[in-house]
Amino acid sequence: MHSVSRLAVAVLLLVLAAMPTIVPAEAQPADTARVTLQSPDAFLGYELGEQFTPHHRVVDYVQHVAAASPRVTVRRYGTSIEGRPLLLATITSEENHDQIDVIRQNNLRRAGMADGRVSGPTAAVVWLSYNVHGNESVSTEAAMQTLFELGDPSNDRTVDWLSDTVVMLDPCLNPDGRERYVQWFKRTVGATPNARRIAREHHEPWPNGRTNHYYFDLNRDWAWAVQPETRDRLDVYHEWMPHIHVDFHEQGIDEPYYFAPGADPYHEDVTGWQRSFQMSVGKNNARYFDRNGWLYFTREVFDLFYPGYGDTWPIFNGAIGMTYEQGGSGRAGLAVLTETGDTLTLGDRIRHHHTAGLSTVEVTAQNQQTVQEEFSRYYQTAMQNPPGAYRGYVIRADSSRDRLRALGRHLEQQRIEYDLVAEAGAVRGVRYATGEDDRVDISAGDLLVPAAQPKSRLAKVLLEPRTTIIDSVTYDITSWSLPYVYGLDAVAVTDDLPAASGSIRDASAAVEGQGGETPYAYVARWSSRTDARFLGDLLEEGIGVRLATETFETEGKSYEAGTLIMPRADNHAMEDDFDRVVRRLASEHGRTLHGVASGFVDRGSDFGSSTVRPVSAPHVAVLSGSPLSQYRVGEVWYAFDHQLDYPATLIDTDDLDEAALDDVDVLVLPDLSGSWDSDAKRSLLADWVRGGGRLISMGGATQALAGHAPFAVTERSTAPDTTTVPRRYADRTRDAASEATPGSIHRASVDASHPLGFGVGDTYYVLKRSSASFPYLDAEDGWNVATLADGTPVTGFMGHQAQDRLENTLVFGSQSIGEGSVVYFTGNPLFRGFWYSGFIPFANAVFFGR
């Protein structure tokens, strides 16, 4: 761990130590007298809707309700990155609380996730999730009112519901983002809220409060669990496996209210029951909205396809997952004028969310027996008649054990069962590498995911080689198959599954070879994120490292280009510490080292050759701030802080000038747009590169550099539409699909001899989310390391015109300018932090790029 990281951890521990301990109500002494339950208005000292409630006061109120109401307990299930508590309230009748663990275990038995038969008390389980987007801050305000009414023992309306229902209420999934918004708004608003849209209180500054600390959208992270808030939430979610899940959001100011049923496209693995009960919930919500004369819409915009949402992920885990969207968001403040001239207030928004939440609990309670039976049927069919054409999925271990291990951890986080193939053999199925049906050799130790298991549908959704596209007009990416994400060879099996047992063990360190305790050099392979972390730690510890840029053989072992070499000759100053430090770091990262006795190799270049070049520890900077995308900045920031664990300096766009780059070796541009897309800025970057800097441009940044000398990258122009056939206005959305690139996976060819291709392999699976396409770099100007020969997706949807433009285009490559270089990524190799295979070329660009 780096010194900066140790300091950060120390500060975090001090913050946590200073925070109040949250004692679950069930853990309180039995003789403790309960306090009198207060409404949010009475407890907080103001009427809900008059101001935004700081997170610590939300925590106080949730604790108060748990202490005052026999219907409510609360637990702290996790901690946000900035140290704020993540809370979950359990609300049900006193009788149910007395047997709450029996109810929970019985529900897990329905899902096949606990042993034994259902016996004793049961209940329908409703999970209400609020404020996953921090600046959609009405949600937490509504959560407090909903918690009060459900927890109030004198509320005759809710008492009957809770006899048959357990409500899990998470008042704030993203406390860091919410607090960023709330504190900004409090500093910005005047004595009286200004409803005019032009008022500054309706215009958040960069990065705004939507995202968490690292600028991640937590409502895209359910299936990937990259962020700690998500991982903590999934752990507690799996303790219950609810039947109903509602994710409360906000949308544009002029949109009224949206609730289920969802819009097309529905993923094919959404069941008929899940569709029909969404309709039942929607009709019950509509009954209350009609009674109050509130506008709403259903079955539009918010589809049920991408598995990373707070509605779809619960659906693929057996629940009725739904999104509720209130008009407002971070632009609404306490009051804002709508396009009709009405004033939308925070109080209005609270009432709508509060009403929809209680309505959902009500309709679930009214149908609690059917809800539980259908949940059981969902999991029974998963075991007895799993959906889809495949009996399972075999992921090969021969390409990279580290990548396979990372995939295994991903499956474990999602509670998807897997085993390891027991012995070598062959299976028939669809090969991911070719898309063709074939008989494929498999080996002992390959990973096998059987289709027949409790998480059958989720496993199919995340692993199948081709996603069935029901409708091309969708809200997010259309392909995400995990073998492609991790860059692993796999086969979707259509015949009998091989025998398998066991799980992937953590990597263990070893030192092999003929060099003994003090070898001439240590040799380590390069193919994974773990290898990159190991290299980063070596460099930070001052270990001299060299890079083999060509294949070689020594002591009977063959090594690919990209192999790391730590020769004793480069580390004499460390004396005996050299072996101790290298071996310690290898142990920490589970690396197998080859300690060689000589630098004289059997084949290839000796270790003193110019082709075995030194690797220096770069000072890395990342451009951050407006007008860049906060998501792209956050992905790079998180990659350095947690996935690579290597220091990087974030430099604000307003502060970047020639002086700021004096001691920077590598500058990462996660994005470029707006005022930064200018000749003056490009000239500054070009001069710095000429002086020896290494520039890494990604996605929009590459697009901003294209066509501007001295940068060799160019963007292919969009062919004009020459059609003369009049178009129907009603078809405008579907007509645009021919240009659409919502997110599809493509197979790129890789020049593995170039440093950017080291450890990647001959094939790289790229996620394309932009219609921008870039022809090959001119041979005299640069290197085309990863390329697409055509635009046909391996899986997912891309419009035919967008496909045509991708023929013979660049995925990533490099160019030398003066003493420095530019690495061009035409897309985003770090997409949402889960695109594992993209991390390898990114690390190459940081440490090896030329």
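Give me the number: length gained by fully extending Glu412 to Thr611, i.e. 0.36 nm times residue separation minus the C-alpha to C-alpha distance, one decimal in nm.
Full-extension gain reported as 67.5 nm.
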Using θ = phi - 60° and Karplus 6.51 cos²θ - 1.76 cosθ + 1.60, couplings along the stretch 376-391 (whole Hz; Gly, Pro as x): 4, 5, 4, 7, 5, 5, 4, 7, 8, 9, x, x, x, 8, 10, 8
Net +/- balance of residues flanking Gly49 in space, Cβ distance below 13 Å, scoring K and R +1, D and E -1: -3
Area accessible to solvent at Ser629, 1.4 Å probe radius, in Å²: 30 Å²
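Using Stokes-Einstein with the Kirkwood hydrodynamic radius over Cα pairs, what translational diffusion coefficient do you get for the stretch 210-301 at 20 °C and a viscosity of 1.002 mPa s, in µm²/s rounded to a whole number?
It comes out at roughly 137 µm²/s.
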Farthest toward positive dipole pole in the chain [+1 Lys/Arg, -1 Asp/Glu at C-beta], among His589, Pro193, Ala706: Pro193
Mean separation of Cα contacts under 8 Å, 6 or more apart, over the residue count of the stretch 569-705: relative contact order %: 21 percent
Inter-site label distance for Val118 and Tyr288 at 7 Å from Cα along Cβ, in nm: 2.6 nm
For the stretch 600-664, size of Cβ-based charge dipole, Lys and Arg +1, Asp and Glu -1, in debye: 440 debye
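Kirkwood Rh over Cα pairs of the stretch 220-365 into Stokes-Einstein at 4 °C, 1.567 mPa s: D in µm²/s?
Values: Rh = 15.9 Å.
Translational D for this selection: 81 µm²/s.
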Inter-label distance for Thr370 and Glu95, nm, one decimal - labels placed 7 Å from Cα along Cα-to-Cβ: 2.3 nm
Largest to smallest accessible area among Glu141, Glu658 [probe 1.4 Å]: Glu658, Glu141
D (Stokes-Einstein, µm²/s), Kirkwood Cα radius, the stretch 72-131, 0.890 mPa s at 25 °C: 184 µm²/s
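Calculate, for Arg275 and Ala452, the FRET efficiency according to 1/(1 + (r/R0)^6) with r their C-beta to C-beta distance and R0 25 Å; round to the nearest 0.05.
Numbers: r = 24 Å, r/R0 = 0.96.
That pair, Arg275 with Ala452, gives E of 0.55.
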Coordinate range along principal axes, alpha carbons of the stretch 161-227, Å, largest first: 46, 34, 18
Over the stretch 548-613: Kirkwood hydrodynamic radius from C-alpha pairwise inverse distances, Å: 12.8 Å
Cα gyration tensor shape for the stretch 88-227, rounded if a/c is under 1.5, else prolate or oblate: oblate
Total charge dipole magnitude, the stretch 196-255, about the Cα centre, Cβ charges on Lys, Arg, Asp, Glu only, Debye to nearest 20: 260 debye
For the stretch 559-712, accessible area per residue (1.4 Å probe, heavy atoms of protein chains only), Å²: 39 Å²
The stretch 93-161 - Rg and Dmax from Cα coordinates, angstrom: 15.6, 44
Whole-number percent relative contact order across the stretch 243-319, with pairs defined as alpha carbons under 8 Å at least 6 apart: 47 percent
For the chain, share of DSSP beta bridges that run antiparallel, in % to the nearest 5: 65 percent
Cα lying deepest toward the dipole's positive end in the chain, options Asn292, Val620, Ile315, charges on Cβ: Asn292
Under 5 Å, built H, 5+ apart or other chain: amide partners of Val74: Ala25, Glu26, Thr90
Hull shadow area, averaged, the stretch 643-691 [alpha-carbon convex hull, nm²]: 4.0 nm²
Gyration tensor (alpha-carbon) shape descriptor, the stretch 404-493, a/c threshold 1.5: oblate
About the Cα centre, charge dipole magnitude for the chain (Lys/Arg +1, Asp/Glu -1 at Cβ), debye: 980 debye
Rounded accessible area of Lys186 (nearest 10 Å², 1.4 Å probe): 80 Å²
With all protein chains modelled, accessible area of Phe600 [1.4 Å, Å²]: 150 Å²
Of Thr518, Ala444, Asn106, farthest towards positive along the dipole that unit charges on Lys, Arg, Asp, Glu beta carbons give the chain: Asn106
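Leaving ligands, DNA and RNA out of it, rank Asp602, Asp579 by accessible area with a 1.4 Å probe, largest first. Write down the numbers at each step before the final one.
On the way: Asp602 105, Asp579 15 Å².
From most exposed to least exposed: Asp602, Asp579.
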For the stretch 652-660, Karplus couplings with θ = phi - 60° (6.51, -1.76, 1.60), whole Hz, Gly/Pro x: 5, 4, 6, 9, 7, 8, 4, 5, 5
Where GluC sites (Glu not before Pro) fall in DSSP loop in the stretch 773-836, at most 12 other Cβ within 10 Å: Glu780, Glu819
Expected 222 nm ellipticity per residue - DSSP helices of 4 or more, -39500 (n - 2.57), all of the chain, to 500: -9500 deg cm²/dmol
Degrees between helix 100-110 axis and first principal axis of the chain (Cα, 0 to 90, nearest 10): 60 degrees
When the stretch 131-172 is reduced to its Cα atoms, the Kirkwood hydrodynamic radius in Å: 11.3 Å
In degrees, nearest ten, helix 175-188 long axis to first principal axis of the chain (Cα): 70 degrees
Cα centroid separation, the stretch 271-334 to the stretch 425-471 (Å): 32 Å
Relative intensity, log₁₀ I(q)/I(0), of the stretch 448-538 from a Debye sum that treats every alpha carbon as a point, q = 0.17, 0.21, 0.22 Å⁻¹: -0.97, -1.19, -1.24
Portion, in percent, of the accessible area of the stretch 488-605 that falls on carbon or sulfur, probe 1.4 Å: 42 percent
Contour minus Cα-Cα distance for Ala573 and Thr551 (0.36 nm per residue): 5.0 nm
log₁₀ of I(q)/I(0) at q = 0.19 Å⁻¹ - the stretch 29-118, Debye sum with one point per alpha carbon: -1.00
By accessible area with a 1.4 Å probe, ligands and nucleic acids excluded, highest first: order of Ser456, Ser770: Ser770, Ser456
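The values are calculated or read from the model by the stated rules, or taken from the named source; none is laboratory data. Note that the coordinates shown come from a computational prediction; the quantities given were computed from them, not determined experimentally. Please note: Cβ atoms are built from the backbone with ideal geometry, for glycine as well, and neighbour counts cover all protein chains shown. The protein model used for the area step is the full one, side chains on, heavy atoms only, and it has no ligands, DNA or RNA in it. Shrake-Rupley method; radii C 1.70, N 1.55, O 1.52, S 1.80 Å.
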